[in-house]
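The values are calculated or read from the model by the stated rules, or taken from the named source; none is laboratory data. These numbers were taken from a predicted model, which means no experiment stands behind them. Cβ: placed from backbone, ideal geometry, glycine included. Neighbour counts: every protein chain shown. For the accessible areas, the whole protein counts, side chains as well, though only heavy atoms, and no ligand, DNA or RNA atoms are used. Shrake-Rupley method; radii C 1.70, N 1.55, O 1.52, S 1.80 Å.
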Amino acid sequence: MLFSETLGREIVTTDTAETIGQVADFVIDPRSRSIVAISVNKSKKGDTVLWGAIGAFGADAVIVSGADVLGEPNEAVAALSGKARRLMDKRVLDATGVDLGTVADVEFDAETGQLITLRLTEGAAIAGQSLIGIGSYAAVVHPPPAGAASSPT
């Protein structure tokens, strides 16, 4: 699944079939190279859903058990949240400082939250497992092996 396909998707509860918000952003932990939470907009009960509380990413909605999964981010999630930590539209540098491009989209596993591929605006794709960190200026990835090129999308 792609970030671009999921942003704005409604979050619906299984207990009442109530829409409790929409996916506003993804909170990524670069150490695990996975989504740890989603930020929610248009919610009156908090602005974060932890990844473990998500039942499924359906074709039309993100499914959660109830509105009680909404809350304020814990300290660890808060440290990974915010505009400075967004992966979309972020410059990508390899660990040697080479500018590889800009993140156009991110492919992730809808069941586990693992990042699969960073798709760059320049047409290249970088394995999600290459991610080292996300800073305010750029995301940093491991350099490709010598002689290897990023694969086109």
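The table below gives the values:
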read-out: Complete set of residues in segment 83-108 that are outside any strand (DSSP E or B) and out of contact with any helix residue (DSSP H, G or I) (no Cβ under 9 Å at 6 or more places or on another chain); value: LYS83, ALA84, ARG86, ASP89, LYS90, ALA95, THR96, GLY97, VAL98
read-out: Enumeration of residues in segment 8-24 that are more than 11 Å from VAL64 (Cα to Cα) and surrounded by fewer than 14 Cβ atoms within 10 Å (Cβ to Cβ); value: GLY8
read-out: Of all residues in segment 109-122 being among the hydroxyl-bearing types (Ser, Thr, Tyr) and not in a strand (DSSP E or B), the one that is modelled with the highest pLDDT; value: THR112
read-out: Number of positions in segment 1-23 that are touching a Leu at 6+ places or on another chain (Cβ under 9 Å), farther than 15 Å from LEU50 by Cβ and in a strand (DSSP E or B); value: 1
read-out: Positions within segment 1-51 being of a type in the set (Gly, Ala, Ser) and more than 19 Å from ALA139 (Cα to Cα), in sequence order; value: GLY8, ALA17, GLY21, ALA24, SER39, SER43, GLY46
read-out: Single residue of segment 34-67 satisfying the filter (assigned to a loop (DSSP other than H, G, I, E, B) and of a type in the set (S, T, N, Q)) that is nearest to the chain's Cα centre (by Cα); value: SER43
read-out: Scope segment 26-54; condition closer than 20 Å to GLN129 by Cα and either surrounded by fewer than 20 Cβ atoms within 10 Å (Cβ to Cβ) or of a type outside the set (Val, Ile, Thr) (or both); matching residues; value: PHE26, ASP29, PRO30, ARG31, SER32, ARG33, SER34, ALA37, TRP51
read-out: Whichever residue in segment 95-136 is among the acidic types (Asp, Glu) and surrounded by 13 or more Cβ atoms within 10 Å (Cβ to Cβ) and, among such residues, is farthest from VAL62 (Cα to Cα); value: GLU122
read-out: Selection within segment 70-87 - open to solvent by less than 30 Å² (accessible area, probe 1.4 Å) and out of contact with any Lys or Arg (no Cβ under 7 Å at 6 or more places or on another chain); value: GLY71, VAL77, LEU87
read-out: Test: residue in segment 42-59 that is at negative phi and touching a Lys or Arg at 6+ places or on another chain (Cβ under 7 Å); value: no
read-out: Among residues of segment 75-98, those that are without any contact (Cβ under 8 Å) to a residue 12 or more places away in the chain and of a type outside the set (A, V, I, L, M), counted; value: 4
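Residues checked against (1) under 22 Å from SER4 (Cβ atoms); (2) at pLDDT below 95:
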residue	(1), (2)
ILE28	yes, no
ILE63	yes, no
GLY66	no, yes
VAL69	no, yes
ALA124	yes, yes
TYR137	no, yes
